[in-house]
1. Provide the FRET efficiency to the nearest 0.05 for the Q396-K85 pair, computing r from the beta carbons and using R0 = 45 Å.
2. Keeping every protein chain present and rolling a 1.4 Å probe, give me the accessible area per residue for the stretch 314-435 in Å².
3. Set Lys and Arg Cβ to +1 and Asp and Glu Cβ to -1, take the dipole of the chain about its Cα centre, and tell me which of L428, L312, V53 lies farthest positive.
4. Using a 1.4 Å probe, what is the accessible area per residue for the stretch 84-149, in Å²?
5. Report the full-extension gain for the segment N246 to N191: residue separation times 0.36 nm, less the Cα-Cα distance, to one decimal in nm.
6. Once you order the gyration tensor axes a ≥ b ≥ c over the Cα atoms, which shape class does the stretch 228-309 get: rounded for a/c under 1.5, otherwise prolate or oblate by comparing a/b with b/c?
7. To check my understanding: the extent here is largest minus smallest coordinate of the Cα atoms along each principal axis. What are those three numbers for the stretch 37-93, in Å, largest first?
8. Starting at the first residue of the stretch 378-385, write each ³J(HN,Hα) from the Karplus equation 6.51 cos²θ - 1.76 cosθ + 1.60 with θ = phi - 60°, in whole Hz, x for Gly and Pro.
Amino acid sequence: MSRFLTRRGGGLPRVCLAAVFFIPALFSVTRPTQAATTIQRGGTLTMGVDQDVINWDGAATSDNGSLWADLNVYDQLIRLTPDAKGLEPDLAQSWDVQDGGRVIVFHLRHNARFSDGTPVTAEDVKFSYDRLRQPSMVNSWTLTAVQSETVIDPYTFKVTLKTPWAPFLNDITLWGASILSKKAVPREGANYGKHPLGSGPFYVAQWLTGQYTLLKRNPYYWEHDANGIQYPYLDAVKLVFLPNDNTRMLELESGQLDAAVDVPYNLIGTINGRPGSHADTTPQFGVMSISLNQKYAPFRDIKIRQAMNYALNRAALVKAVFFGHAQPALSPIDPGIDFWTGKYGYPYDLAKAKSLMAASSYPQGFKTTLLTISGDTVGGDIAVILQQELKQIGVQITIQPLDPSTQYATQQKEQYQMAYGYGTSDNLDPNENLSYSIDPANGGADAAYTHWRDPQIISLFHQTQTAIDTAARAKLYDQVQKLVMERGPFLWLINPTNRYGYHDNVHGFFIQNTAHWPLWVVWKS
């Protein structure tokens with residue numbers, strides 16, 4: 001979710017173990033392309049972002065600013081298709097499944113190279129996976145199911161799982177499972193997170209924390225478009241860190257930026273009304289939510305958590321803050337992700353909220369502090385509305401804006417009471433974000449830093465990981481969603497959309513449903 005904080009339809013799910021494992025061995029890699037005669041190679045894209053890169057070591061970070069950049073620098077064995085409806089080859093051009101799903105043999109492409117020109121081999125893959133599996137790594141949960149890995153030959157790599165694991169292929173599309181250079185990591189040692197080496201379309205040429213990152217074209221990148229033109233089209237991308245929405249939009253308007261993410265919803269029409277400027281939206285696997293720290297006594301009362309959820313008018317939020325470009329969040333799973341159902345969402349019911357508060361351990365209400373992100377106009381507007389709505393049931397909120405890095409660090413330390421967060425799903429299986437948000441022992445984040453534990457829910461969730469039958473997983477996830485909505489330490493607010501702006505001379509720029517930005521397909525005229 002992308003992960004929570006500053007990171008992330010009913011019916012049968014689209015992707016399950018059987019459907020993923022036994023798809024044809026080779027796929028066509030499809031990316032948005034223009035006619036070969038119109039594409040111009042070269043140039044630098046200057047792009048405004050509101051989340052900075054904290055660390056370039058994918059195994060050791062879970063914030064969106066870092067992982068979105070990582071996915072332009074590193075390859076994984078498998079990745080999502082551009083339309084986020086399936087999986088396709090990345091470094092692994094094909095794979096075979098054996099032993100009822102416990103063994104997967106990956107056949108690596110022979111033309112992949114790191115940005116220093118050295119070839120990517122199965123030894124690099126094994127090194128990367130062995131390293132990720134170390135308990136000290138933040139994202140070690142990604143490979144929970146792995147029992148062992150074996151290098152069969154320089155371009156063949158075998159993974160043996162402890163048990164058939166339904167989300168495994170989705171899991172290894174994540175940034176934590178990026179393939180690193182076996183030689184570069186030991187050479188850099190503790191500084192590797194500052195000096196990465198990947199085989200993706202770009203490499204890190206310059207990184208000034210809090211200012212900008214300069215990515216340059218990997219001249220050895222393996223992928224070409226449908227017309228045989230090598231990706232990436234651009235010479236370089238400059239990611240300019242501008243957390244203040246107003247500053248970012250002013251620089252887009254003045255032409256200092258070629259493109260910018262997270263356009264405020266109330267400015268989408270304004271940008272589209274300017275000659276030469278565009279603002280687009282795309283669907284997003286994402287959620288905006290409030291985390292309730294279980295170390296703060298009032299939030300350990302389930303009646304209070306339920307009362308707060310009933311007191312929120314999500315439909316009014318959609319209209320007032322998002323101008324219709326969003327929908328109420330009705331599940332801990334994002335719409336569009338497998339097994340989602342909205343039937344357990346909270347309706348707006350102020351009378352029920354007041355009744356629950358009256359029956360709670362704090363019938364007269366209490367005071368609390370809500371952490372927000374300074375410069376985030378959407379989060380700020382949400383906070384003010386929540387402050388007004390929850391006051392009606394006796395919850396007195398003080399809003400505390402912090403810069404993004406400080407807010408994230410404070411939340412990681414669990415030194416907060418309420419915290420606004422924004423997360424996205426990075427693949428099609430709920431396993432990623434639910435591991436993060438409800439599994440305190442195995443998700444790498446102490447249940448999204450809420451210190452929440454519910455043994456029944458955790459048990460049901462663990463069953464979803466090893467249940468291979470699609471119908472069985474659907475039933476389990478139905479129960480998980482019901483209980484998490486009923487008991488969980490979150491105020492699930494809104495499922496938003498991606499929104500971004502760019503100028504006429506920028507082509508192919510888009511944001512996937514996962515909120516990832518594939519910059520290698522972008523070009524400038």
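The values are calculated or read from the model by the stated rules, or taken from the named source; none is laboratory data. Quantities reported herein were computed from a predicted structural model and do not represent experimental measurements. Neighbour counts run over all protein chains shown; Cβ positions are idealised from the backbone, glycine included. Note: areas computed on protein heavy atoms with side chains; ligands, DNA, RNA excluded. Shrake-Rupley method; radii C 1.70, N 1.55, O 1.52, S 1.80 Å.
1. 0.50
2. It amounts to 39 Å² per residue over the stretch 314-435.
3. Positive-end residue among those listed: L312.
4. Value returned for the stretch 84-149: 36 Å² of accessible area per residue.
5. Working: separation 55, 0.36 × 55 = 19.80 nm, distance 3.45 nm.
Fully extending the segment from N246 to N191 adds 16.4 nm.
6. Note, shape of the stretch 228-309 comes out prolate.
7. 41, 31, 19
8. Along the stretch 378-385, the couplings run 5, x, x, 5, 4, 4, 5, 5 Hz.
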